[in-house]
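Below is one structure, written out as structure tokens, with a few remarks after it.
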Amino acid sequence: MSAFLLNRLIQSIVLLVIVSIIGFTVLNLMPGGPLAQFGLDPGMTQKDVERLATQLGLNRPLWIQYLDWAWRLMQGDWGHSFRDGSSVLAVIGRHLLATLLLMGTSTALAIAAGTWIGIRGATHRYSLFDYCATVGAMVALSVPTFWFGLIGIYIFTLKLGWVPAGNMYTIGDGSVLDYLHHLILPSLVLSLVHVAIWSRYMRTATLDALSQDFVKTARAKGVSERRILLKHVIGNALLPMITLAGMQLPSILTGALVTETVFTWPGMGRLFLDSLGYSDYPVVMGLLIFSAILVVLGNLIADIVIATVDPRIRLA
Amino acid sequence: MTAIVAHAAPIRWWNSRAVNRFMRHHLALLGIAMITLLVVACAIGPYALPYDSLQIDLRARFAPPLTGQHYFGTDPLGRDLAVRLLMAGRVSLAVGFSAMLLSTLIGTLIGVTAGYRGGWVGAALMRTVDGFLSYPSIFLVLALAATLRPSPVMITVIIAVTSWMETARIVEAEVRSLREREFVQAARMVGLSRAHIMFREILPNAMGPIIVAASLAVARAILLEAYISFLGYGIQPPLPSWGNMLNGAQQYLASAPWLAIIPGAAITIAVTSFNFIGDGLRDALDVRNDHI
């Protein structure tokens with residue numbers, strides 16, 4: 001077990017290094033490079049820019065710059081926002097909770113709905129439900145999230161008036177119920193694509209589990225179908241889902257960005273877009289790398305969980 | 001002596017097993033029909049419709065669908081929505097298709113190299129692929145789009161640069177399994193060069209998964225282009241694209257919902273068709289499902 005964990009840990013660290021190299025490359029592609037904030041200042045002469053460059057160490061070889069930057073990253077110095085000067089990590093921290101709330105709720109909804117649809121589709125194979133679920137999943141995968149959000153707003157806010165159109169809470173009313181009221185539509189919209197993905201995988205995984213020998217044995221013993229399903233099949237079918245959850249993290253973040261834009265949800269995605277609009281590159285880069293680190297960590301946690309739960313993995 | 005049944009007609013590619021299997025996949029055929037319809041509509045539709053896409057008619061602004069000759073209504077400037085939709089379709093479909101070609105090319109090159117060489121080179125390349133895959137695609141695309149000038153060509157390149165990883169993974173896995181086959185060993189024994197083996201021996205046998213991945217890549221590229229155009233960093237107005245039509249429609253959602261519903265429906269139809277086609281191709285080319 002510990003050998004497996006060590007192996008995965010080392011792989012994750014290597015991945016983090018590669019992620020940081022890619023991030024550093026993108027950072028240097030930004031217009032004006034790290035000196036972008038001074039580019040627009042009319043009082044700056046070329047000599048001033050050169051002096052700053054030497055001061056900031058920008059004429060050193062790239063790999064030394066990278067090491068210095070990575071070292072500062074590890075110490076928590078991610079730079080300061082161009083907009084208000086606060087540290088990038090603080091800015092990200094302010095918006096992190098909102099995004100996590102949205103992502104968490106929609107993932108929970110997606111898992112619940114996807115599991116049910118997938119299992120039902122597998123047990124009632126080739127029925128109308130199964131066919132509708134399969135085709136529906138493919139269409140749901142193709143629907144642009146922002147369009148679905150706009151349609152949702154049109155139907156549920158403008159026509160029916162059931163839910164508010166955006167933001168996380170109403171000013172003046174910060175109750176939990178109000179938060180939930182604002183949370184429903186965005187998390188439903190965000191979960192659509194993932195319900196589709198989960199239900200397809202769940203269907204395949206359940207079919208795989210149902211074709212195993214232990215199910216035949218259980219049926220021969222006379223165990224009821226329902227008990228077979230609940231006790232033996234679901235657990236085995238859910239195992240690959242854990243790995244899938246880790247792999248889906250980047251796309252959940254992508255969907256979160258678009259959903260937050262449509263619903264003006266004050267999360268990391270909207271922060272990314274706002275900062276991009278303000279040319280606030282430290283925050284942009286910080287978010288880029290932060291999301292990549294989140295993904296790597298998420299995958300690592302998923303692997304640890306599945307190793308804990310599935311003995312075949314750690315003994316392999 | 002049992003007689004061996006021979007085919008009456010020689011087997012051409014249109015009679016082949018894969019094509020026959022594809023033809024049995026109803027959804028895939030529907031996808032092909034829809035895409036053909038879309039492409040034809042986008043190509044010749046603007047010439048068949050009575051309005052020009054740039055023709056501004058302020059007296060007819062915000063006309064709902066089916067007003068007079070405006071089959072889909074008009075936009076806030078009085079331009080016919082149907083013509084704009086088809087012109088935008090040209091841009092979106094072209095960008096999606098070209099991005100697919102470029103990303104498949106890059107992904108195949110890297111995948112074949114990594115899969116055949118194996119060892120240190122292969123591992124390094126695959127770790128790099130994993131590194132790229134750790135970034136949410138839209139974050140990378142937006143960051144790159146904000147730095148470079150957003151012309152359609154640039155958008156295509158950016159989308160391709162952030163989409164090649166999936167193809168590379170698939171190709172690498174396929175090449176790795178093909179590497180140990182006898183025909184590769186035979187080719188090595190005969191003394192064929194590494195490049196020849198990689199691209200003239202192994203690659204043609206790996207085409208199946210590549211084609212499936214390519215079809216799904218078009219779907220993803222169209223969707224990605226729509227996303228970044230919606231957010232304002234993709235195709236810039238006045239050049240219409242399905243994504244930036246939706247961006248403009250956001251503020252008029254209450255009064256003119258058709259401005260948002262119709263372009264989004266177009267995107268959904270296009271992407272769904274490519275997904276259906278990709279599914280059908282996967283079933284048709286998947287050797288494991290052979291009942292024979």
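Computed from the coordinates by the stated procedures, all read-outs in this text should not be read as laboratory data. Computed from a predicted structure; not experimentally measured. Virtual Cβ from ideal backbone geometry, glycine too; neighbours counted across all protein chains shown.
Each Lys and Arg adds +1 at its Cβ and each Asp and Glu adds -1 at its Cβ; summed about the Cα centre, the range A:215-307 shows a dipole of about 960 debye. If a/c stays under 1.5 just call it rounded; otherwise compare a/b with b/c (prolate if a/b is bigger, oblate if not). Do that for the range A:228-316, with a ≥ b ≥ c from the square roots of the Cα gyration tensor eigenvalues. Oblate is the answer for the range A:228-316, as a/c is 1.5 or above yet b/c matches or exceeds a/b. Phi-derived couplings, Karplus 6.51 cos²θ - 1.76 cosθ + 1.60 at θ = phi - 60°, listed residue by residue for the range B:182-199: 5, 5, 6, 4, 4, 4, 5, 4, 5, x, 5, 5, 4, 4, 4, 4, 4, 9 Hz, with x used for Gly and Pro.
The protection proxy used here, the mean number of other Cβ atoms lying within 10 Å of each residue, ranks peptides A:133-140, A:278-285, A:62-69 as follows, highest first: A:278-285, A:133-140, A:62-69. The packing ranking, built from the mean of other Cβ atoms within 10 Å per residue, places the peptides B:263-273, B:174-184 in the order B:263-273, B:174-184, highest first.
Histogrammed with a bin width of 20 Å, the alpha carbon distances of the protein assembly as shown distribute as 16, 50, 30, 4, 0 percent, first bin at zero.
Here the residues A:268, B:87, A:202, B:23, ranked from fewest to most Cβ neighbours within 10 Å of their Cβ, fall in the order B:23, B:87, A:202, A:268. Helix-only arithmetic for the protein assembly as shown: the sum of -39500 (n - 2.57) across DSSP H runs with n ≥ 4, divided by the residue total, places the mean residue ellipticity at 222 nm at -23500 deg cm²/dmol. Using the Kirkwood formula on the Cα atoms of the range B:158-292, what hydrodynamic radius do you get, in angstrom to one decimal? Hydrodynamic radius (Kirkwood, Cα only) of the range B:158-292 equals 17.8 Å. Only the Cβ atoms of Lys and Arg (+1) and of Asp and Glu (-1) were treated as charged; on that basis the dipole of the range B:1-139 about its Cα centre amounts to roughly 400 debye. For the range A:130-268, the average shadow cast by the Cα convex hull is 10.8 nm², which is a quarter of the hull's surface. Computed on the Cα atoms alone, the convex hull of chain A gives a volume of 179 cubic angstrom per residue.
Candidates B:72, A:305, A:160 compared by Cα position along the dipole of the protein assembly as shown: farthest toward the positive end lies A:305, with charges placed on Cβ. A P(r) calculated from all alpha carbon pairs of the range A:112-201, with 5 Å bins opening at zero, reads 3, 14, 19, 17, 15, 14, 10, 5, 2, 1, 0 percent. Rounded to the nearest 10 degrees, the angle from helix B:152-161 to the longest Cα principal axis of chain B is 40 degrees.
Legend: mean number of C-beta atoms from other chains within 10 angstrom of residue C-beta atoms, peptide A:248-254, equals 4. For chain A, hydrophobic long helices are taken as DSSP H runs at least 15 Å long by C-alpha position along their axis with mean Kyte-Doolittle hydropathy of 0.0 or more; these are A:2-29, A:62-75, A:88-123, A:128-142, A:176-210, A:234-262, A:281-309.
Across all directions, the average projected area of the convex hull around the alpha carbons of the range B:220-264 is 2.9 nm². Both numbers refer to the Cα atoms of the range B:1-131; Rg and Dmax are 24.6, 84 Å. Placing +1 on the Cβ of every Lys and Arg and -1 on the Cβ of every Asp and Glu, with no other charges, gives the protein assembly as shown a dipole of roughly 1480 debye about its Cα centre.
Under 5 Å from the amide H of residue B:235 lie the amide H atoms of B:229, each residue being 5 or more positions distant or on a separate chain, with H modelled from the backbone and absent for Pro and chain starts. Scoring B:55-61, A:219-225 by mean Cβ neighbours within 10 Å over their residues and listing the highest first yields B:55-61, A:219-225. Taking the charge dipole of the range A:215-316 about its Cα centre, with +1 at Lys and Arg Cβ atoms and -1 at Asp and Glu Cβ atoms, the residue from A:247, A:286, A:276 reaching farthest to the positive side is A:247.
Its residues counted as N, the range B:77-136 yields a C-alpha radius of gyration over 2.2 N^0.38 Å of 1.81.
Dividing the radius of gyration of the alpha carbons in the range B:92-233 by their Kirkwood radius gives 1.05 for Rg/Rh. Remark on chain B: hydrodynamic radius 21.4 angstrom, per the Kirkwood mean of 1/r across alpha carbon pairs. Note the angle between two axes, namely the Cα long axis of helix B:26-48 and the longest principal axis of the Cα atoms of chain B, as a number of degrees from 0 to 90, rounded to the nearest 10. Result, in degrees: 50. Across peptide A:146-155, the mean count of Cβ atoms from other chains lying within 10 Å of each residue's own Cβ comes to 5.
Computed from the Kirkwood radius of its Cα pairs, the Stokes-Einstein diffusion coefficient for the range A:180-235 at 10 °C and 1.306 mPa s stands at 119 µm²/s. The mean number of partner chain beta-carbon atoms within 10 angstrom of a residue's beta-carbon across peptide A:283-294 is 3. Each of A:73, A:198, A:87 was scored by the projection of its Cα onto the charge dipole of chain A, and the greatest displacement toward the positive side belongs to A:198; charges sit on the C-beta of Lys, Arg, Asp and Glu.
Eigenvalues of the alpha-carbon gyration tensor of the range B:126-188, scaled by 5 and square-rooted, set the equivalent ellipsoid semi-axes at 34, 13, 7 angstrom, largest first.
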